[in-house]
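This report concerns only the one structure given below.
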Amino acid sequence: MKNREVVDIFNNVADMLAIRGDQIHRILAYRKAAESIEALGRDINIVYAEGKLTDIPGIGETLAAKIEEMLKTGRLEFYDKLAREIPPSLVEMLRVEGLGPKRVKQIHEVLKVETIEQLTAAAREGKLRDLPGLGAKSEAKLLAAIEALSRHGDARVSLGVAWPIARQMLAELSEVPGVVRAAVGGSLRRMRDTIGDIDLLVAADSPEAVMDRFAALENVESVAGRGPTKTNVILLNGLGVDLRVLPVERWGTLLNYFTGSKAHNVKLRELALKRGYSLNEHAFTPLAGGSEILCATEEAVYEQLGLTYISPRLREDHGEIEAAAAGTLPNLITTEELISDLHMHTTWSDGTLSILDMARAARDRGLKAVVITDHSYSLGIANGLSIERLREQAAEVRAVDRELGSDIRVLHGTEMEIRADGSLDFPDEVLAEVDIVIASLHTALGQPKEQITQRLVGAIRNPHVDIIGHPTGRLLPDRAGADLDMDAVLAAAAETGSILEINANPARLDLRDIHVRMAVERGVKLAINTDAHRADELSLSHYGVATAQRGWATAVDIVNTWPVEDLIQYVQNKVKSD
Ligand code: DGT
Ligand code: CA
Ligand code: CA
Ligand code: ZN
């Protein structure tokens, strides 16, 4: 068995357990294991042979035994047994937007529907509308979702999966003698939220040695194509990687061409043509004949076109070329400018570290302030806090704040549920005791647009609510979040001074790039938070920064760049001005 197959089985098991209605912890254990193996970058058979399965994050003795069984026998008895109870074809149905495990279970039990084809037929025959909780409207929605699914079958992975893999491959390619430069290109360099394939670019005089090493990397499953300057491979996890190698004096045009986007490139080529050149990855070539103009840097490429340098994050043909020509590109936010993280969890709810350990980890990363924001009680699966426990926690936060002295401010917050009916978990007088209040949607994300928009806007209008956490609740790569009327949300946030979060976890990146841009244009303030549940997740902020950059955000737009006293003042004024 290959990595990919083990990942698929674990993911299927997690989905089947979810459909069966098992404990969340058990389901998450399988998901986490699948995630770790997907990110492994080594042949799991070799790791097994070394006796090191339990070194993989999230793999304990039990899961290691299951992996061993799969690698040895090519099967997993537990899976086969589970499959007799929950047909694996039901898992496919979860990919339909708007279908959760409970609904799939209901449709299966009541209508004996087992496949997407049968589901389509049932919907067309109008059999779904009579199920409790469904109706003609949701039936039509499901049909549309099934069609959408069959249209874009091409799998993309989230940025957080592709990024570490690409970094590892780059590090190895950089070691090949003769390699002068190595970088990622494509959607990964532009830091799009999902990635179709990884593009790697190398500057070296002789491509052969680089491509040989590339094809022999440990996480390469097969070579899909090879030419004089390029090699395409498929990784163990199924992801494609394209490598291109040119001499260093062509590095600028190479990197520029394969960073894209395609739409950005098309515009650049038009500009080049107007100036009398054709442009490709090799060089500018005068249309009138004559020798090529080589660009060793991307700056030189843009200069040749009469443009200031354009950050890869902006290269989507969303007005960046016009802004570069006019000299009006924004001064994009950088990770170094963030001095606070306003959203994180501890063992008080579903985090893994104490308040003290979390705050120390943040301090060691150079942060000047953190807000401890554990879940509130209606999120039962995350062990959310009651009012009493919230107040007990406040005392511990104050103690930790004193203990760590002036190195870092530790503030008390909450990530409070916005319940399905729009009400909030804590009353105003309790919220008034808390330094920073995040309000988030985690449940009933499938509500109709108007209803869920009103639900969120209601929370935004509460003067004690400071930040809306991961506003849409989407999960990458392919779970869309709430169907929000973003204009209405942004209008309410602008009016009340509420802050919207850019959740930096690469499974979320929520707000997403285009909504960040809308927020920036309307003057809505944004917070880049990691939502860390472990110490190492504090390092995820750069994904949020990239998303902010893709939304043209600058330091003034991002409250995490503000001195903490200014931030506290800002949220206090919010209550007073009400
Ligand atoms: P992806 O892989 O779907 O996430 O998106 P990209 O942008 O990485 O697309 P990919 O991998 O097909 O190509 C990488 C870059 O190469 C792309 O951003 C621009 C450039 N490129 C690829 N094909 C063409 C093309 O036909 N024309 C132009 N002008 N550029 C291309
Ligand atoms: Ca790509
Ligand atoms: Ca590609
Ligand atoms: Zn959270």
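The values are calculated or read from the model by the stated rules, or taken from the named source; none is laboratory data. Owing to the predicted nature of the structure, the values given are computational and were not obtained by experimental measurement. Here Cβ is always computed from backbone atoms with ideal geometry, including for glycine, and neighbour counts include all displayed protein chains.
Take the residues of region 180-196 that are over 14 Å from K262 (Cα atoms) and touching a Leu at 6+ places or on another chain (Cβ under 7 Å): which is nearest to ligand 2 (Cβ to nearest atom)?
I195
Can you work out which of the residues in region 485-499 that are touching a helix residue (DSSP H, G or I) at 6+ places or on another chain (Cβ under 7 Å) and surrounded by fewer than 21 Cβ atoms within 10 Å (Cβ to Cβ) is nearest to H343 (Cα to Cα)?
G497
Any idea how many residues of region 220-255 are within 15 Å of ligand 3 (Cβ to nearest atom), within 25 Å of V157 (Cα to Cα) and among the polar types (S, T, N, Q)?
Of the residues in region 220-255, 2 are within 15 Å of ligand 3 (Cβ to nearest atom), within 25 Å of V157 (Cα to Cα) and among the polar types (S, T, N, Q).
Could you check region 493-578 for helices (runs of 4 or more DSSP H) lying wholly inside it with 3 or more residues that are on the phi < 0 side of the Ramachandran plot and free of Cβ contacts under 8 Å to residues at least 12 places away in the same chain?
Passing ranges, in order: 564-576.
Within region 206-213, is there a residue that is at pLDDT below 95 and more than 14 Å from ligand 1 (Cβ to nearest atom)?
Yes - at least one qualifying residue is present in region 206-213.
Quick check, is A459 part of a helix (DSSP H, G or I), buried (at least 17 other Cβ atoms within 10 Å of the Cβ) and within 16 Å of ligand 4 (Cβ to nearest atom)? I'd like the intermediate steps shown before the answer.
On the way: part of a helix (DSSP H, G or I): yes; buried (at least 17 other Cβ atoms within 10 Å of the Cβ): yes; within 16 Å of ligand 4 (Cβ to nearest atom): yes.
Against the criterion (part of a helix (DSSP H, G or I), buried (at least 17 other Cβ atoms within 10 Å of the Cβ) and within 16 Å of ligand 4 (Cβ to nearest atom)), A459 qualifies.
Among (1) part of a loop (DSSP other than H, G, I, E, B); (2) crowded, with 17+ Cβ neighbours inside 10 Å; (3) among the aromatic types (F, W, Y), which single condition is Y302 missing?
All conditions are met except number (1).
Which ones in region 9-51 are more than 20 Å from the chain's Cα centre (by Cα) and over 29 Å from S349 (Cα atoms)?
I9, R42, D43, I44, N45, I46, V47, Y48, A49, E50, G51
For L200, which of the numbered conditions (1) farther than 20 Å from A263 by Cα; (2) of a type in the set (A, V, I, L, M, F, W, C); (3) within 16 Å of ligand 3 (Cβ to nearest atom) fails to hold?
All conditions pass for L200, except number (1).
Within region 513-537, restricting attention to residues that are touching a Ser or Thr at 6+ places or on another chain (Cβ under 7 Å) and charged (D, E, K, R), which residue is nearest to I467 (Cα to Cα)?
D513
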